[in-house]
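Undergrad: I'd like to ask you about the structure that follows.
The values are calculated or read from the model by the stated rules, or taken from the named source; none is laboratory data. Just so you know, these numbers come straight off a predicted model, no measurement behind them. For neighbour counting, all protein chains shown are included, and Cβ atoms are generated from backbone atoms with ideal geometry for every residue, glycine included. Keep in mind that these areas ignore ligands, DNA and RNA; they rest on the heavy atoms of the full protein, side chains included. Shrake-Rupley method; radii C 1.70, N 1.55, O 1.52, S 1.80 Å.
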Amino acid sequence: MSLAGDFRDILFADLLQFYCLSGQTAAVSVRAAGERGEETTGVFFIDGGVLVDAVFDGREGSEAVRRAVRRLNQGAFQVEIGARSERRTVHEPWSALVLEELRQQEGSEGAGELKSAAPALAAALGRGTPTPAVGTPRGPRGRAPTPPAGIRVTGTSPASTAPTPARGSPGLPRTPTSGPPVRGTPARGTPATPSMERPPAEGAPPREAASAPSRPAPASGPHALSPPPRSPTPPPAPVPAASGPERRGTEGGSGPRPNPPTAPFSRIRREARPARWVRWALPLALASAVGGLLALVATRIPGRRTTPTPADGAPAASPSAVPQAAPIPVTPPPTPGVSDTEVLFGMAAPFSGTAKELGRQMKVGVEVAFAGANAEGGVQGRQLRLVTLDDGYEPSRTADVMRELAEKRAVFGFVGNVGTPTAAVALPYVLGRQMLFFAPFTGASLLRKDPPDHTVFNYRASYVEETAAIVRYLVEVRRLRPDQIAVFAQNDAYGDAGYQGVVRKLRQLKRDPTVLLKVTYERNTTDVANAVARVLERKDRIKAVVMVATYRAAARFIEQVRTVRPAMLFTNVSFVGSQALAEELVQLGPRFAEGVIVTQVVPLPTSRSTAVLRYQEALARYAPGEKPDFISLEGYVDGTVLVEALRRTGRALTTARLVQALEDLHGLDLGLGAPISFGPSEHQGSHKVWGTVLDRTGNYQTMDLE
C-alpha cells in the first residue's frame, strides 16, 4: 500500500526523519515544480532506518538529499512501505546531511514559518539514526513501489497501516482514533474509518484477486548493480479525474486541473485540504501521543530497551493510543560470500610464472592469519576462508579471474591481490560492484586516490614513499648526483610508478630529474641484456641503480652488471620479493648478494618484536615448513587487520558496515613499531619504510636510510 501527502503539510526533513528514526524500510517518491516550472521527481530509499539511495532533480546520493531539503517546500509525495533499492548511493548518515543543510538555511530569506523538528530530535539522539539489530522488525509491510526508470526495487509485502507524521513534529504519528480527520481519511462520500487504507478504485478487482507485481530480472552476478538512471524523471502517466471541485494548487482556488503527475505519482490521491480549525486542532491531538512516541523512540535507542511504567494512580495507556502495524520478522537479503558459518574472501595473484613466489607467500600470510582467528572460534561465529586463483601476473587474465571469484565463487570481497598492472584491471571491476578491495600487494598510486575510493584500503607504504627513502639516501647520505643514478624498471604500470617516485623526490630535493638514465625489461621475462648494455656504456658515470623489478629479473641484472662493475650499488623496492631475491643471488655467489639494499614495509621477519613473534608462532603452527618471509609477514599483517575490523563490524556483515569499521580503526598497535590507522580520508594504514641490506650469506640486516 502507498501513502500520499503534500509538502505544504509536512517538511521533507521531518518526513525523512520519521521513517529513519522508526527503523522502517520504505521508498519515498517525491514530485515538485522545478526552477523553470518544469516537473521534477525523485525517490529516496530507506532500509531499516538507514537512508541508502537517493535520486532527485538529476542528482544522486548525498547531493540529491541536500537538494531535496532545499527545494521540497511544495509538491507531493508518496511512500511505499517495504520497498528496497539494490544499490547504495548515500554513504553519510541522514541526520548529518539534513542538519548540515538546515543550518545553512537558518535565517535565509524566504524560509518557511514552520521550522523542521529534525535538528532537535537528531541532537537528542546524539549519533543520529539508530540502527535496528538483526531480526528486529524494520517497520510496517507495504506493497512494492513503482520507482523511476533505471532503479530496480526488490521486496514486496502486504499493506501497511503506518501513519504519516505531521509537519513540524519530531516524527510523531497521527492518532486516527480521536481528533480531526487526517490525510488518509477516505474521500468525501465514503464512510469514515480509522484505518489508513484506501478503498480500491471503482471497478478495481478485490485485493485477494489482484496479481502480485512482477520483478525485473536481476543483473548477472551476486553483486550486480542496477544501471544508473538516464533521468530521474520518468515518463508521464495518466491520472483518473478526481471528484470534487478543481483547483490550481492554492486552497479554495478554481480553474483547470493541473497537469497529470508523472509516475510514481499516478496513484496519489488528490484530497481537499482540511479546514482551518482542523489544522489548529491537529497539534492538540498530536500532543496526546507524545508520551507513547517517546516510549517508542526510547526502545529503539541501544542500551535503553525498557518499557515505561505509568505513574501511580494513572491508568495504563491504551495500546491504541499510538497506532502501529503489527511487527513482523524481516529477513535481510543474503550478502554474497557471507553465510551463517563462514565468510569467503578472494585473491587474484600469480601462482605460476616468474613472479609465482610473490603470490604464494602472500597467500601463506593471509591464510595463517585467518587460521589463527578460526582456531579461536572464528569472527562473530563464522570461519574465514580464502579462495585463490592464478592470473599469472598478466592483466589479460585478471579480468576473468575477478569475474570467476565474484560471480561464480561469490566471494564477499578481495584481500591481498598481487601486482600493479593487474590491479589496474581489477580496480574498475570492484568499484563498479562496490566490493571490498583490501591490502593489495602493490604501492601504486592508482590505489591511493585523494580522496580515496570508498571500498579500497591499503596497509603498506606506497612506492612513492619507498623510492623517496632510497633517493634521499643516495643523494643526501651517499652524495650522488642524479646523472650518477639509473632506474631499472619493469616496462608497465609497476615500473612507471617506481620511476615517477624517483622523479618526484629529486624535484623535492631541488635536483634535475631529466638527467636520469631509465632502462627497462618486459614483464614476466628475464631478458635484461639491453638494459645492462645501456648502463655499462656509461662506463664509470653510473654509481647506483634504483631497481623497480621482480626477483628473477633483478637477480639477472645484478649478476651481469656486477660482473663488470663490482662496485655498483643496487637498491630495490619491497615488491621485488626479498627472500626469493636473496636465494637467487646466493646461488650466483656471495659477491652478488653482499650490499644489495631493499626497502621494506614490514620489519625483519626474524626480529623479536611483538607482532613478528606472533607471526613466527602462527607460521610454525599453521604452515609448518614455511620460513619467515617479508611477503608472508605482510600478508599476515593484512589478515590480522582485516580480522580486527570484522570483529568490530558485528554479526550483521555488509560491505558498507565493514568499510565504516575500517574507517573507525585508529591507532591499532600490533607491535610493528608503528600504529595502523584509517579514516574517511585516509585509506592507507601505514606509511613506515624500513631499510634492509643483504650480507654475503644472503641474510638481511637492518640499516639506517637517514
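Undergrad: Could you tell me how many of the residues in the range 590-641 are surrounded by 21 or more Cβ atoms within 10 Å (Cβ to Cβ), part of a loop (DSSP other than H, G, I, E, B) and without any contact (Cβ under 8 Å) to a residue 40 or more places away in the chain?
TA: 1
Undergrad: Right, here's the next one. If you scan the range 350-379, which residues turn out to be of a type outside the set (A, V, I, L, M, F, W, C) and out of contact with any helix residue (DSSP H, G or I) (no Cβ under 6 Å at 6 or more places or on another chain)?
TA: Of everything in the range 350-379, those that are of a type outside the set (A, V, I, L, M, F, W, C) and out of contact with any helix residue (DSSP H, G or I) (no Cβ under 6 Å at 6 or more places or on another chain) turn out to be 352, 353, 356, 359, 360, 363, 367, 374, 376, 377, 378.
Undergrad: Another question, then. Right, residue 519: of a type in the set (Val, Ile, Thr), assigned to a helix (DSSP H, G or I) and free of Cβ contacts under 8 Å to residues at least 60 places away in the same chain or not?
TA: Values: of a type in the set (Val, Ile, Thr): yes; assigned to a helix (DSSP H, G or I): no; free of Cβ contacts under 8 Å to residues at least 60 places away in the same chain: yes.
Judged against the criteria, residue 519 is not a match.
Undergrad: Tell me, please, whether a residue that is under 19 Å from residue 525 (Cβ atoms), open to solvent by less than 40 Å² (accessible area, probe 1.4 Å) and assigned to a helix (DSSP H, G or I) can be found in the range 397-417. It would help to see each step written out before you state the result.
TA: Our first condition is that a residue be under 19 Å from residue 525 (Cβ atoms); within the range 397-417, this holds for 397-398.
In the following step, the residues that additionally are open to solvent by less than 40 Å² (accessible area, probe 1.4 Å) were identified as 398.
Of the ones still in play, those that are also assigned to a helix (DSSP H, G or I) are 398.
Within the range 397-417, one or more residues are under 19 Å from residue 525 (Cβ atoms), open to solvent by less than 40 Å² (accessible area, probe 1.4 Å) and assigned to a helix (DSSP H, G or I).
Undergrad: Could you say which residue among 318, 352, 339 is open to solvent by less than 70 Å² (accessible area, probe 1.4 Å), modelled with pLDDT under 50 and either touching a strand residue (DSSP E or B) at 6+ places or on another chain (Cβ under 8 Å) or small (Gly, Ala, Ser) (or both)? Before the answer, list the steps.
TA: Details: 352 fails: modelled with pLDDT under 50; 339 fails: modelled with pLDDT under 50.
Of the residues listed, the single one that is open to solvent by less than 70 Å² (accessible area, probe 1.4 Å), modelled with pLDDT under 50 and either touching a strand residue (DSSP E or B) at 6+ places or on another chain (Cβ under 8 Å) or small (Gly, Ala, Ser) (or both) is 318.
Undergrad: Which condition breaks for residue 563 when tested against (1) at negative phi; (2) assigned to a loop (DSSP other than H, G, I, E, B)?
TA: The number of the failed condition is (2).
Undergrad: Separate question: Output yes when any residue across the range 450-458 is open to solvent by 50 Å² or more (accessible area, probe 1.4 Å), more than 23 Å from residue 87 (Cα to Cα) and not aliphatic (A, V, I, L, M), and no when none is. Break it down stepwise before answering.
TA: Kept after step one, since they are open to solvent by 50 Å² or more (accessible area, probe 1.4 Å), are these residues of the range 450-458: 450-451, 454.
Of the ones still in play, those that are also more than 23 Å from residue 87 (Cα to Cα) are 450.
From what is left, the residues that are not aliphatic (A, V, I, L, M) are 450.
There is at least one residue in the range 450-458 that is open to solvent by 50 Å² or more (accessible area, probe 1.4 Å), more than 23 Å from residue 87 (Cα to Cα) and not aliphatic (A, V, I, L, M).
Undergrad: Looking at the range 645-658, I want the residues that are touching a residue at least 24 places away in the same chain (Cβ under 8 Å) and more than 16 Å from residue 345 (Cα to Cα) and have a partner that is assigned to a helix (DSSP H, G or I) and of a type in the set (Ser, Thr, Tyr) with Cβ atoms under 8 Å, at least 6 apart or on another chain. Which pairs are those?
TA: Filtered contacts from the range 645-658: no entries.
Undergrad: Would you check which residues across the range 41-50 are over 12 Å from residue 12 (Cβ atoms) and either of a type in the set (S, T, N, Q) or open to solvent by less than 10 Å² (accessible area, probe 1.4 Å) (or both) and list them?
TA: From the range 41-50, those over 12 Å from residue 12 (Cβ atoms) are 41, 43, 45-50; that's our starting set.
Hits for the range 41-50 are 41, 43, 45, 46, 48, 49.
Undergrad: Then there is this: Only one of 31, 8, 66 is within 30 Å of residue 661 (Cβ to Cβ) and among the basic types (Lys, Arg). Can you tell me which?
TA: Values: 31 fails: within 30 Å of residue 661 (Cβ to Cβ); 8 fails: within 30 Å of residue 661 (Cβ to Cβ).
On inspection, the qualifying residue turns out to be 66.
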